Amino acid sequence: MITSIGAVSIAAVRGLGAFLGFVLSSLRGFGRTRRVIPRLLRSTVEQGTRCLPVIVIVGGFTGLVLGLQGYHVLRRFGSEGLLGTLVSLSLVRELGPVLTALMLIGQAGSAIAAEIGIQRNSEQIAALQSMGIDTHGYLVAPRLISALWVYPLQTAVFVAVGLGGGWLSGSVLLGVEDGVYWNSVARAVQMADWRECGFKALVFAVLSLGICCFQGYHAHLIRGASGSRAVSAATTRAVVLSCVAVLAADYVITSLML
């Protein structure tokens, strides 16, 4: 048993070191990549524009549910006027950055992992390396860099739509005064809350996109799978590990910043 635990621990440390080296190598290779702007724009579109409808829909329904549940909970204590506080702090501190990251992982991250995995499977990456192209800087770095502004912007959209959903649920449907709701929102959210939200979004961007790119790039190393099965396994691993990493990082950041 001790031998098994040691082997798993060593494998985990090696995997973490390989991942960190992969991310740092990609960022270093970004400066050596030619024609950077088109790739940045493409990465921004695939992570931002294409994922925006999902962010808006999920953010709206999250706000609606928070408004509905929060109203009935606060009503027990005669504190319906604090509904805006409940909705705003829940969205800004936790649900906004976490759910945004999970939605981007499910749509953009999985697609990126599959695309890079197919490029590895079809030997396109080997062809780029044979031409002396830094594949880390060419394939991975633009996606990581664009994620650093896409994730915070998408989180801001999620929070804004969620606040609107909370107002619709609490004020329009359940009768909380509009001024009371928005006044409690303005009083509750402080600059420290926005800083925490933005910091979480940046950390989640590096973790989730880095893991997705890492899994797709090393799809050929998956044991017991090859070809399309290796790409499928790499994509599944990317989504699962990214979601777990986001939730674990959320706990660590929250515990340090509270």
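The values are calculated or read from the model by the stated rules, or taken from the named source; none is laboratory data. No experiment lies behind these values; they were computed from the predicted model shown. Neighbour counts are summed over all protein chains in view; Cβ atoms, including those assigned to glycine, are modelled from backbone coordinates with ideal geometry.
Taken together, the residues in the stretch 71-121 that are touching a Ser or Thr at 6+ places or on another chain (Cβ under 8 Å) and not aromatic (Phe, Trp, Tyr) amount to 23. Please go through the stretch 81-102 and give me each residue that is within 12 Å of ASP193 (Cα to Cα) and hydrophobic (A, V, I, L, M, F, W, C), ordered by number. Residues satisfying the conditions are LEU89, LEU91, VAL92. Taking the conditions (1) closer than 19 Å to PHE158 by Cβ; (2) crowded, with 18+ Cβ neighbours inside 10 Å; (3) hydroxyl-bearing (Ser, Thr, Tyr); (4) within 19 Å of the chain's Cα centre (by Cα) in turn, THR85 satisfies each one other than (4). Of all residue pairs spaced 6 or more apart or on separate chains, those with beta-carbon atoms under 6 Å, a first member in the stretch 67-94 that is farther than 23 Å from GLN190 by Cβ and a second member that is surrounded by fewer than 17 Cβ atoms within 10 Å (Cβ to Cβ) are TYR71/LEU174.
In the list SER90, SER110, SER171, SER146, which residue meets the criterion of being at pLDDT below 90 and not aliphatic (A, V, I, L, M)?
SER171
When THR254 is tested against (1) of a type in the set (S, T, N, Q); (2) under 18 Å from GLY96 (Cβ atoms); (3) surrounded by 19 or more Cβ atoms within 10 Å (Cβ to Cβ), just one condition goes unmet, and that condition is (3).
For LEU139, the stated conditions do not hold, so it cannot be described as modelled with pLDDT of 90 or more and either buried (at least 19 other Cβ atoms within 10 Å of the Cβ) or in contact with a Cys (Cβ under 9 Å, 6 or more places away or on another chain) (or both). Every test in (1) part of a helix (DSSP H, G or I); (2) more than 16 Å from VAL140 (Cβ to Cβ) is passed by ALA225 save one, and that test is (1). For the stretch 226-251, filtering for residues that are over 22 Å from GLN190 (Cα atoms) and surrounded by fewer than 15 Cβ atoms within 10 Å (Cβ to Cβ) leaves 9. Condition check for ARG50 on (1) surrounded by fewer than 18 Cβ atoms within 10 Å (Cβ to Cβ); (2) in contact with a Leu (Cβ under 9 Å, 6 or more places away or on another chain); (3) farther than 16 Å from LEU144 by Cα: one failure, at (2).
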